[in-house]
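Engineer: First, the structure itself, so that you have it in front of you.
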C-alpha cells in the first residue's frame, strides 16, 4: 500500500486510560502530485457514511524558510464500532473500500500494523488557539506529539490549518501572510526541526 501512496489509518480514542468502543477510520492517497492523489477513489461502499477531504499539506523544503507540498485525498469514517472492522486481510478491507481493488497488489496479503503490533503510536494533541491572517482566513493551531508509550516521545508537530473555500479563495494577501509566517517560523525554531521528514515518514522509516 505504501508503494502505491495509500495509507489506511485506524484511530482509537482514549478517555483517561480506557479505549472507546468506536474509532475513526481514514483511507487516503497521499502523493506529491495533485493529479496522482486525486485519481484514487477512497470512498467507502455506499451504505457507509463518510466525509471526503482533499488536503494540500505544506511542509518544509530542503532548506530553512522553504516549502513543499504533499496532496492527500481522504475518506474519513467517524464512529465505527471497533468490533465490526475488517479482519487482518486486504481482501476484507476491500469490502469497506472498493477503491483498494484497483491496486496492483496480491489481494490475499495480510493487513498488519506498520512495524508490527508493538509499533502502535500514541498521539497527544494540545490546541494552542487560532491564527488570523486576514478576513475569512483563520487557522487552527495545535501541537501533536507522537509516542511509543506515555512519556516516550518520538516527534512533535506544530501545525496550523485552515480551509480554502469560495469565500476566502480570493484573499491572496492573507494566504501570502500564512506562507510568510510558515517560512519565518522555521527560522525561529531551526534548532528544533527534524530535517526533511514528517511524522508518517518516521514511522515507515522512509522519506516522504
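The values are calculated or read from the model by the stated rules, or taken from the named source; none is laboratory data. Note that this is a predicted model, so its numbers are computed, not measured. Neighbour counts are summed over all protein chains in view; Cβ atoms, including those assigned to glycine, are modelled from backbone coordinates with ideal geometry.
Each row is one residue, and each column tells you yes or no for (1) assigned to a loop (DSSP other than H, G, I, E, B); (2) in the same structural domain as residue 163 (by TED's automatic domain parsing); (3) in contact (Cβ under 8 Å) with a residue 24 or more places away in the chain; (4) within 28 Å of residue 170 (Cβ to Cβ).
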| position | (1), (2), (3), (4) |
| --- | --- |
| 70 | no, no, yes, yes |
| 73 | no, no, yes, yes |
| 80 | no, no, yes, no |
| 101 | no, no, no, no |
| 107 | yes, no, no, no |
| 130 | no, yes, no, yes |
| 144 | no, yes, yes, no |
| 147 | no, yes, yes, no |
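Engineer: Still on this model: Among what's in region 149-182 and is more than 19 Å from residue 130 (Cα to Cα) and touching a residue at least 40 places away in the same chain (Cβ under 8 Å), pick the residue that is farthest from the chain's Cα centre (by Cα).
Structural biologist: Taking the candidates together, the pick is 154.
Engineer: Taking into account only those residues within region 171-194 that are at pLDDT below 95 and assigned to a loop (DSSP other than H, G, I, E, B), which is farthest from residue 14 (Cα to Cα)?
Structural biologist: It comes out as 189.
Yes/no matrix, rows are residues, columns are (1) in contact with a helix residue (DSSP H, G or I) (Cβ under 6 Å, 6 or more places away or on another chain); (2) surrounded by fewer than 13 Cβ atoms within 10 Å (Cβ to Cβ):
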| residue | (1), (2) |
| --- | --- |
| 111 | yes, no |
| 116 | no, yes |
| 122 | no, no |
| 147 | no, no |
| 178 | no, no |
| 186 | no, no |
| 195 | no, yes |
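Engineer: Report whether or not residue 199 is surrounded by 12 or more Cβ atoms within 10 Å (Cβ to Cβ), out of contact with any strand residue (DSSP E or B) (no Cβ under 6 Å at 6 or more places or on another chain) and closer than 21 Å to residue 63 by Cβ.
Structural biologist: no
Engineer: Within region 59-66, is there a residue that is closer than 26 Å to residue 147 by Cα, in the same structural domain as residue 12 (by TED's automatic domain parsing), outside any loop (DSSP other than H, G, I, E, B) and in contact with a strand residue (DSSP E or B) (Cβ under 6 Å, 6 or more places away or on another chain)?
Structural biologist: Yes - at least one qualifying residue is present in region 59-66.
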